1. Semi-axes of the equivalent ellipsoid of chain A: what are they in whole Å, largest first, if each equals the square root of 5 times a C-alpha gyration tensor eigenvalue?
2. Distance between the C-alpha centers of segment B:384-405 and segment B:180-210? Whole Å please.
3. Return B:299, A:57 ranked ascending by Cβ neighbour count within 10 Å, so the fewest neighbours appear first.
4. Ignore the peptide's own chain and count Cβ atoms of other chains within 10 Å of each Cβ in B:239-248; give me the average, rounded.
5. Once both labels are modelled 7 Å past Cα along the beta-carbon direction, what's the residue B:126-residue B:235 spacing in nm?
6. Taking other Cβ within 10 Å of each residue's Cβ, how do A:173, B:234, B:324 sort, fewest first?
7. Let a ≥ b ≥ c be the square roots of the eigenvalues of the Cα gyration tensor of the protein assembly as shown; is it rounded (a/c under 1.5), or, if not, prolate (a/b larger than b/c) or oblate?
8. Fewest to most neighbouring Cβ within 10 Å: what's the order for B:131, A:238?
């Protein structure tokens, strides 16, 4: 399309050069997120926009906070949705809790642990990384060894590593934080709504998530929650939070009782989250976690019949997201392109050291269904056959056996 | 609704306690934003979500960039939509362009100039505020006097002060930036799509906007654009950008040719912006600016018949947003509540020193229509009568006369 030159002043592009109205293809989103959505969530997104100070919208915010508390397993007063994606949620936690010179002990066994360490350093923290193998969970002893008797203000770990498909056992790491007298921060991006998350029972001080994983809502918001101890830490800060946009001491004036203007909330995105949370709680959290476990087990059983193996040992494996070793001789990118073009199925590739050798298949939220398990297996079978592989077994029979077990 | 206690573990809230599905009332949004939306924009919002690395979505991003360049009046390569609201756009500009110790000269004649100064300070800048009267534009001489012969790295001003309804003449302030050899930053939140914005002709180095004003898209994204000179400044930084989430050196890897993953883009919000930009350019920018001018003039003419006066002199007045002095003896909050309850019309109150004594009426984007001009006048007439005021004239006749003039 035409773009203006420096001297042309206001430009009216000829309508002929305009792109057509969007008609995005209908994909089955089986990657690491965004995930398959319930049509009711997309419908909520398109409901009439309210002003951010309209009393009707403020009531919606109250309902959102109550539902967020329920899925996070917390009574934390400061529970809200930040106006950015999951990574903004991560940054919110560090920029508010860390002051320059603070010491942070951070588990790093994937992209998102690595990102936490980077974000913490940019907030002025001195970071000790607890380095673990990608594709394995971290142990309390690894944290203790890395801490090496030092003083720490904050311990952080990823509950569900989206880059590797690893589920982290939380209480042992919390125990280390307690030994150190440190605040405890948990990344719940890919676990919230898919695995039990119980902030209060675990003693988590700060947690963040995203909307586009197991909550099955479009990307764009970051649910987050802060314990009274974290709020006290924020109140005791000696320095201003470096980010005005993410400053909780200001934002809680809008989400709290005061209702003072901070920034214009992303109204329609919050409608979608309201509906996604409603559907999540309507199903019941325990039933939802069990559904994710059921379909993950059937999917992995089917994978074996394709000659594919999950990258993560069973005891440390996520249900919403399965990482798979790409077999020797299979072209990763070509296979994923085939899935997209022949089946309209999106799966994810690997990141970092897993780039080119790992597939990530999400069965998240509304996408965790028998239909998608069998479609995913069928599509993977098709993609492997298209590269001339012969398959050792019948994946649908294997999945069916898992469902009747 | 039920919330968990610290010992209860995962909580399944009883469905009976769940809020009902949302049915937000249909308002006529005549405040300072969000604004009235075209139904096609809300429909685009609800289209099927694509993955953020899907080739079909990457094409949509290319179209978005081309359309953003057209409305910004620029050929800047680094033109994109940040994944946050307009305030995140402001923070993006400062956090990327400012390094600790830099000196910034910032015009402050309303809430958003005040906010720029605060954000700049949090990024480590030494800020000189060019203090002007709220409700009046700033002059180049005010900038020169405040600069007082000092060295500055950055000059910033608000093009359209949403808090006061003032339109700033841009070239004289750019001239001061040139005299100082400083980068020039412009807040275009309430002007983009409603008043001519010509970044290249003006020599603007960095600009940001919001989606929920004259583009008539829901809130949640911040269009932004950076000149080659600004990009060079970013490349020459000695320190890392304090915000990982807003770091343009990383984000341009996703929006640019590299297509590398940074964070999961707010897909559906970007659909809505695509449609909003398409409708804007389909109308034609010059016609759109003229439409905003026409309806603003008719509205202000009608106000006189209600005994209401705009706060800002004609030559400095915004078209998309008119600020009005609340007459002595009229209850501001009661009047706005009446407008909302009796007419479903939202207007804004004042901020800062204008709180309680100013109304802000937006005729923005799809909301800048004769229908809304006359509805707004009728509703204001009703609200004033409800407080026992007698009205000096016939606002509809006055508006009609303005339209036929």
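Computed from the coordinates by the stated procedures, all read-outs in this text should not be read as laboratory data. Worth saying up front: this structure is predicted, and the values here are computed from it rather than measured. Note that each Cβ is placed from the backbone with ideal geometry, even for glycine, and that neighbours are counted across all protein chains shown.
1. Details: eigenvalues 234, 172, 92 Å².
Ellipsoid semi-axes (Å, largest first): 34, 29, 22.
2. Here the two parts' Cα centres lie 36 Å apart.
3. Exposure proxy ranking, most exposed first: A:57, B:299.
4. Numbers: counts 1, 3, 1, 8, 10, 14, 16, 6, 2, 0.
For peptide B:239-248, the averaged partner shielding equals 6.
5. Once both label points are built, they end up 2.9 nm from each other.
6. Numbers: A:173 26, B:234 18, B:324 23.
Neighbour counts put them in this order, fewest first: B:234, B:324, A:173.
7. On the way: a/c = 1.68, a/b = 1.60, b/c = 1.06.
Taking the square roots of the gyration eigenvalues as a ≥ b ≥ c, the protein assembly as shown is prolate.
8. Lowest count first: A:238, B:131.
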